[in-house]
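Here is the structure we will look at, set down as structure tokens.
The values are calculated or read from the model by the stated rules, or taken from the named source; none is laboratory data. These figures come from a predicted structure and were not determined experimentally. Because the Cβ atoms are built from the backbone with ideal geometry, glycine has one as well, and the counts that use them run over all protein chains shown.
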Amino acid sequence: MTEREALKILELSPDAGEREIKTKYRQLIRQVHPDIHGSSEERYTRHAQRINHAYAVLKKRFAGNADTPQARGKTSSQSPAKKETGAWSAPINSHAYTEREILHYAEDSNGSALGSFPIAHGKYLWKTDEDFPLFLLSVYQCGKELLDEIDLEFRRKEPPTNRRQIHGELTYLLAQQFIDGTALLKEFARSETPDSQGNPIFYMPAMLEFSGSPTCLKPGEQLSPAGVKNHRLYLKNQAGRVLGYLSFPDDRLYYIAIPLFEHKMALVKIQASEKQPQKKKRTAARYQNLHLWIKRTDRDIHSVVESLNLRIERVLKQYQQGSVSPIRPL
């Protein structure tokens, strides 16, 4: 659906602002609701889907921008990261193993979420103007479809006992194909400074989640990676003791940063923060605040893409065989 079509459906002028669009959307969705005007469920579903789709298209023009004529006039051609690719404005990964749906929340007349519906389909990368839980849901559904196809092919009456484990691993691998970690580091980093060669170093707050007995870290104490296991980057102190694993205040960083470490695409510097959780808080014993600096390595991204597809194939083959052996990490 084009923006022009969306404006026509919502009966709006081209210069409509964000508040006007939201108000009109709620008016129209209320008009077709069966509890209010006695329309049939079938008619409501049909009209509500068109109205919700139009609203989703128009909402994109305000993603990350102020509600001003200048912001509304800014097109995706002004930013390489917002390259138009058809039904959805986002770059694509043509080498991704499968396509996915772009999902959008359906809202009632009060703005409460009723569920989700697809507004586009393709190999689109995730951007911050796409709801992250819905992104994960779309990837989860991709994995489900792949596993369902195998069950159907083998005419299984019941799925193998390891389906949940396989599905979780598959979701994680598929998500990596739709996340550009390097580009997103720029958006999520608290600050960015160049090294002596001009390469960017990204800073962001992080946390150490203890896996054993909690240890009180001294401000500025250095930690280093101890290795990646089960998609967690474990950290050790200077004495070599493994303390726990790296965590983030923002869960989205788990899917952005950890794959960079898994694929040896990043170097890190980690220090204990001067500010730590108050001891009286329940979480204080489990977490310690960290300073985290990340610098990208020059590893070829194409080798990573090939590696991901091979790992996805291996996981699917494992499911075909009904194997219960543990999934080997990268």
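Odds and ends about this structure:
- The range 244-270 - residue that is more than 20 Å from the chain's Cα centre (by Cα) and crowded, with 18+ Cβ neighbours inside 10 Å and, of those, nearest to Ser211 (Cα to Cα): Gly244
- Number of the exception - Gln278 against (1) modelled with pLDDT of 90 or more; (2) in the same structural domain as Asn199 (by TED's automatic domain parsing): (1)
- Among residues of the range 236-256 that are β-branched (Val, Ile, Thr), those with a Cβ under 7 angstrom from a residue that is in a loop (DSSP other than H, G, I, E, B), sequence gap 6+ or separate chain, pair up as Ile256/Ile179.
- Assessment of the range 262-270 against the conditions (of a type in the set (Asp, Glu), within 22 Å of Leu185 (Cα to Cα) and in contact (Cβ under 8 Å) with a residue 12 or more places away in the chain) yields at least one matching residue.
- Of residues in the range 183-223 being farther than 21 Å from Asp250 by Cα and hydroxyl-bearing (Ser, Thr, Tyr), the one surrounded by the most Cβ atoms within 10 Å (Cβ to Cβ): Thr215
- Scanning the range 27-43 for residues that are in a helix (DSSP H, G or I) and either modelled with pLDDT of 75 or more or crowded, with 17+ Cβ neighbours inside 10 Å (or both) yields Gln27, Leu28, Ile29.
- Unmet requirement for Leu173, which otherwise passes all of (1) more than 30 Å from Arg314 (Cα to Cα); (2) in contact (Cβ under 8 Å) with a residue 60 or more places away in the chain: (1)
- The number of residues in the range 6-20 being surrounded by 13 or more Cβ atoms within 10 Å (Cβ to Cβ), at pLDDT 85 or above and assigned to a helix (DSSP H, G or I) comes to 4.
- Answer residue from the range 230-243, given it is out of contact with any strand residue (DSSP E or B) (no Cβ under 8 Å at 6 or more places or on another chain) and under 22 Å from Leu170 (Cα atoms) and is surrounded by the fewest Cβ atoms within 10 Å (Cβ to Cβ) among those: Asn230
Rundown of residues vs (1) under 24 Å from Ser94 (Cα atoms); (2) modelled with pLDDT under 90; (3) outside the structural domain of Arg50 (by TED's automatic domain parsing), yes/no style:
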{"site": "Gly115", "(1), (2), (3)": "no, yes, yes"}
{"site": "Lys127", "(1), (2), (3)": "yes, no, yes"}
{"site": "Pro133", "(1), (2), (3)": "yes, no, yes"}
{"site": "Tyr140", "(1), (2), (3)": "yes, no, yes"}
{"site": "Leu147", "(1), (2), (3)": "yes, no, yes"}
{"site": "Leu152", "(1), (2), (3)": "no, no, yes"}
{"site": "Arg155", "(1), (2), (3)": "no, no, yes"}
{"site": "Gln165", "(1), (2), (3)": "no, no, yes"}
